[in-house]
Amino acid sequence: MGRNRELPRGYTPGTMEEKWYAFWIRKGLFEAEIDTDVDGRRRPPFSIVIPPPNVTGSLHMGHAFNNTFQDIMCRTRRMQGYNVLWLPGTDHAGIATQNVVEKDLATKGLTRHDLGREAFVEKVWEWKKIYGDRIVTQMKKLGNSCDWRRERFTLDAGLSCAVREVFVQLYKKDLIYKGKYIINWCSRCHTALSDLEVEYDEAPGKFYYVRYPFEDGAGEVTVATTRPETILGDVAIAVHPRSEQFKHLIGKKVRVPLTGDGGAESLRLIPIIEDNMVDPEFGTGCVKITPAHDPNDFLVGQRHDLPQLQVIDGEGFMNENAGAYKGLSVKEARERAAEDLEKGGFLIRTEDIRHAVGHCQRCSTVVEPCLSEQWFVRAKPLAERGVKAVQDGLIRWIPEQWEKTYFQWMENIRDWCISRQLWWGHRIPAWICADCGHVTVSATDPTECESCKSANITQDEDVLDTWFSSALWPFSTMGWPEKKPELEYFYPTSLMVTGFDIIFFWVARMIMMGLEFMDAEPFKDVYIHSLIRDEHGQKMSKSRGNVIDPLDMIEKYGADALRMALAALSTQGRDILLSSGRIETYRFFMNKLWNAARFALINLSDEAEAIDPGQLRLQDRWILSRTQEIVESETRLIDEYNIGEAARLLYDFIWGDFCDWYLEMSKPALHGEEGEARKKTVQGILDEVFRTLLPLLHPYIPFVTEELWEAFGYSNEERESIMQTDWPLPKGGYRFDAAEVRETMRNFQETVRVLRNLRAEAHVAPQQWMNKAVIRMDRPEFVAMLKETLPMTTLLCRVKEIEVLPASSPRPHASLSSVIGEGEISLHVGDVLDLDAEIARLKQELLSVEKTVAVSRGRLEKPDFVARAPQEVVEKERTRVAEGAAQITRIQENLKSLSG
RNA sequence: GGGUGAUUAGUUCAGAGGUAGAACGCUUCCUUGACACGGAAGAGGCCAGAGGUUCAAUUCCUCUAUCACCCACCA
């Protein structure tokens, strides 16, 4: 069979991982073809598109977890006979990448403007070529089973074509428009941002209470503002229409402080208007309106047809409309305005407050709300379809709770600003005519204005938000707008795996775009996983210095250990706290598995031995039935995407049940102490269990399982890898009355534990053999179990002779004893018996038994319980009381004889 | 202001309507036929608090407290 009977003593990942990855690629095992099975049927498809990482990025734990999850699903489905496509790729990541390259230029004292647009973009492409492969290499190290032939990049030719097509179609449907609106402006990145790209942080600020005198100088209104520099852009004062205090002022005019060229008369005049947005309870009840620099004020301005007076430019400096303030930065202008207000007698008082300030997601610069001409996607109609698709059950959120988050956002969606004033990205396919001003939007580069036929047209300078192209990812990667067969076969994809932080950025937008352009949901299931944090629950970040690099971990512990750790630590709906120590735990598990395999291989013959059902003993029936249970549980848990539970179950089963109990119990048979027939059967069982477990483990720890699969000699010409699609996941073979087998085994384990415990109590050295133990027991099935397992008990507890007697037999002398069931186990210790210690221990035991009996009695005394609880539960309590009573009597007798 | 999640052993977390489990750490012992990256035996928990549903609640429901996170235009 070609078994490798001499595995090295310890498991070392070493070069093994590289070897197997190359093997998988060479065999084309990850390649998805739209093929048919032997009967000419198409195999069911299972497809995932990877969340594309930033092309210049480096693999972090978040990726590692996200990818491991997908790989586990893909590998499992592949073995289950699905035709699996896991489509990989990377994202051009507009702002992020441009920033990185600009930073690099800055070290040479250059800006992108020194290079010019074309040369700069060329430079970014070079950068992409250098770093783009890095993250792909890293994903391979993790073991990702992606179809690399199909790798895509959001800026490659095919995807760019899709982006243009989508833009043009949306424009034609009036779902994309250009307009002058207030947007979020990052003065460092020099670009507009969408609402999502602004992060709000609480920051200390000041409330300035400012006096606005009436036109005639008789009286004033007071307004509270956090941004006095924007007073220069004020065009109105608003009050609530039903405000008793202020409504009589509506229509009057006030003068704007800080304006004019000296003297009260030169101050600009603005009207007092009414608007519902004013909260009469907040601040002074009067609000200054600056439509060009505040989103709310912008809306008020629209409603009241107010002018939009811009006083801050795109660089974050005051412009010509700011009069004497021109050229000052926003910060300087604010300080200066405060001083001037004070000097001019307009400042009543200031108040320290904390308020939310928007920052750029990419560079943390304070974001200015700013009036600007930008492109927008009209989101509402798209979102309505997106909501309906989920309501209709086309898309399932897992865990379900995220559905609510999604609905809430979609129902309150606002138009999406998609133009960015960057150079790195998809250039907007719109051409402006210098002669007639008409905008020509076209999928192919036009040569003339579609309106006046002038050739004097120039393309819009802006590029699209990165997320615009990401939104198309599930279908653009499969060749859309061309009608490719894979698009039809693999779309909608089966599953999307991602973190909750990009539900709005990405998931919601993919749903909207997929429904709009494919007329079908982009994925059937969307699994939202939690975030990876450090062991103290802190977000991992370079500045905190608490980053655990997955590549370091792979180097140190192996990819399998990292993957198993990530899988086993994952739970639905809770962050994962990771430390290198936790990964080490799973490294130890690899070693355990390895050595269990090593033990099996040492003891297996070169031939596969058949299991003789007539030779099966308790432990054999137990491990076979447990293995069967594990197969069933794994299948179910994977279908529920509960990989955490699935991984932990395998861990516990292998370490606890298989190694600690079964392997120990298999030793006498394997060493021929139970006869040749037993030896062969136990060999057959070891073979069977490994043959079942290795494929089950494979999705989590692909490298070591492949290595062991080979060592067991399971590979052959037709079946070169457990990954191959004609090697379905095991269904398990032997069936026993699992409950009965389990219960009997539990009694056996309990007996062993009690005896070992008595040994420990007597301070007997582990290697020392005890002479005799007596088990007094009446229950027939328990007695039968004891008789069957006697040699095993003897071995595991190191007692030369174990006698099973009726429960009523006299208590043996010079023994330690402990109750079990309604019976008792006594271990002969001879002179070593420490009377006082034994009495103390028995008293302890008595107390605990009395307590459980009291609880059960209490229950049984309640008529309702007996009447309404299920029969088996009542029966259980009765057994407990009966056993307990017997135990109490025994312990008391023991105590009496010891003290007497 | 709205929403979501969490609260269980020293720590990090599983868990299920019927007397609480793991890992790491801790104590004692052991190099015994795969594994010291190991084995055996232990200690350690009124499962956040208060109500309710139920024969039975740590588990389901409501409220409270504390801690996270998300969304929202409070100037």
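Each distinct pair of alpha carbons in segment A:274-404 adds a 1/r term; the inverse of their mean, the Kirkwood radius, is 18.9 Å.
Can you give the charge dipole size of chain A about its Cα centre, rounded to the nearest 20 debye, using +1 on the beta carbon of Lys and Arg and -1 on the beta carbon of Asp and Glu? Please list the in-between numbers first.
On the way: 112 positive and 136 negative charges, 258 e Å.
My answer is approximately 1240 debye.
Projecting the Cα atoms of A:Cys436, A:Met513, A:Phe500 onto the charge dipole of segment A:415-572 (Cβ charges, centred on the Cα centre) puts A:Phe500 farthest toward the positive pole. Spacing of the modelled spin labels on A:Leu790 and A:Ser329, each 7 Å from Cα toward Cβ, amounts to 9.1 nm. Given a Förster radius of 22 Å and the C-beta distance between A:Asp575 and A:Arg134 as r, what FRET efficiency does 1/(1 + (r/R0)^6) yield to the nearest 0.05? That gives a FRET efficiency of 0.20. The alpha carbon radius of gyration of segment A:433-506, expressed as a multiple of 2.2 N^0.38 Å, is 1.61. How large is log10 I(q)/I(0) at q = 0.12, 0.15 Å⁻¹ when the Debye formula is applied to the Cα atoms of segment A:479-546, each weighted equally and without solvent? Debye intensities relative to I(0), on a log10 scale: -0.47, -0.62.
Close amide H pairs (under 5 Å, H built 1.01 Å from N) link A:Val221 with A:Tyr212, A:Phe214, residues at least 5 positions away or on another chain. For the Cα trace of segment A:377-419, dividing Rg by the Kirkwood Rh returns an Rg/Rh value of 1.02. For chain A, the fraction of 1.4 Å probe accessible surface lying on carbon and sulfur atoms is 49 percent. For the pair segment A:206-236 / segment A:797-835, the C-alpha centres are spaced 94 Å from each other. Treating each Cα of segment A:1-117 as an identical point scatterer and ignoring solvent, apply the Debye formula and state log10 I(q)/I(0) at q = 0.15 Å⁻¹. For the requested q values the scattering log ratios are -0.92.
A crude spin-label estimate for the pair A:Leu394 and A:Gln459, with each label 7 Å from Cα along the Cβ direction, gives 3.3 nm.
Tell me the per residue accessible area of chain A using a 1.4 Å probe; a whole number in Å² is fine.
Accessible surface, normalised per residue, equals 44 Å².
Sequence-ordered 3J(HN,Hα) estimates for segment A:145-152 from the Karplus curve with 6.51, -1.76 and 1.60 and θ = phi - 60° stand at 9, 7, 7, 5, 4, 9, 4, 10 Hz, glycine and proline given as x. Within a straight-line Cα-Cα reach of under 20 Å, A:Lys542 can be paired with the following lysines, leaving aside sequence neighbours fewer than 8 residues apart in one chain: A:Lys103. Taking the Cα centre of segment A:484-551 as reference, the dipole from Cβ charges on Lys and Arg (+1) and Asp and Glu (-1) amounts to some 360 debye. With the charge dipole of chain A set up from +1 on Lys and Arg Cβ and -1 on Asp and Glu Cβ about the Cα centre, the Cα lying farthest toward the positive end among the listed residues A:Asn321, A:Ala236, A:Thr405 is that of A:Thr405. Can you give the log10 of the normalised intensity I(q)/I(0) at q = 0.10, 0.11, 0.18 Å⁻¹, computed with Debye over equal Cα scatterers of segment A:189-303? Debye output, listed in q order: -0.32, -0.39, -0.95.
Note on segment A:337-430: Cα convex hull, mean projected area over all directions, 11.7 nm².
Within straight-line reach of A:Lys247, meaning a Cα separation under 16 Å, sit the following lysines at least 8 residues removed in sequence or on another chain: A:Lys288.
Quick one: if you take sqrt(5λ) for each eigenvalue of the C-alpha gyration tensor of segment A:236-329, what semi-axes come out, biggest first, whole angstrom?
25, 17, 11
Taking only the Cα atoms of chain A, the ratio Rg/Rh comes out at 1.11, with Rh defined as the Kirkwood radius. Farthest towards the positive end of the charge dipole of chain A, among the residues A:Ser145, A:Ser808, A:Pro8, is the Cα of A:Ser808, using unit charges on the Cβ of Lys, Arg, Asp and Glu.
The coefficient of translational diffusion for segment A:833-900, derived via Stokes-Einstein from the alpha carbon Kirkwood radius under 4 °C and 1.567 mPa s, stands at 98 µm²/s. In segment A:734-780, the alpha-carbon atoms span a convex hull of 116 Å³ per residue.
Label sites at A:Asn276 and A:Phe588, each approximated as a point 7 angstrom past Cα along Cα to Cβ, lie 6.5 nm apart.
The orientation-averaged shadow of the Cα convex hull for segment A:18-78, equal to a quarter of the hull surface, comes to 5.6 nm².
Here is the link list: A:Lys27/A:Lys141; A:Lys178/A:Lys206; A:Lys172/A:Lys380. Which ones come out longer than 25 Å on Cα distance?
A:Lys178/A:Lys206
In the distance distribution for segment A:612-675, Cα-Cα pairs more than 17 Å apart total 48 percent. Net length available on complete extension from A:Ser605 to A:Glu629 is 5.9 nm, with 0.36 nm assigned per residue and the Cα-Cα distance removed. Segment A:79-152 and segment A:639-681 have Cα centres lying 46 Å from one another. Just to verify a number: FRET efficiency for A:Arg742 and A:Glu875, C-beta to C-beta distance, R0 = 22 Å, to 0.05? So the FRET efficiency works out to roughly 0.75.
Here segment A:312-359 is assigned +1 on the Cβ of each Lys and Arg and -1 on the Cβ of each Asp and Glu. Its dipole about the Cα centre then comes out at about 100 debye. Rg and Dmax, both from the Cα atoms of segment A:543-600 and both in Å, are 13.0, 48. Measuring nothing but alpha carbons in segment A:152-211 and taking Rh as the Kirkwood radius, the Rg to Rh ratio lands at 1.19. Compactness check for segment A:550-661: Cα Rg over 2.2 N^0.38 Å is 1.26.
For the peptides A:317-324, A:258-265, A:604-611, residues were scored by their other Cβ atoms within 10 Å and the scores averaged per peptide; the highest-first order is A:317-324, A:604-611, A:258-265. Only helices enter the 222 nm calculation for chain A: every DSSP H run of n ≥ 4 contributes -39,500 (n - 2.57), and dividing by all residues gives -13500 deg cm²/dmol, rounded to 500.
The values are calculated or read from the model by the stated rules, or taken from the named source; none is laboratory data. All of these numbers come straight from a predicted model, not from anything done at the bench. Neighbour counts run over all protein chains shown; Cβ positions are idealised from the backbone, glycine included. Accessible surface is based on the protein model in full, side chains and every heavy atom, while ligands, DNA and RNA are left aside. Shrake-Rupley method; radii C 1.70, N 1.55, O 1.52, S 1.80 Å.
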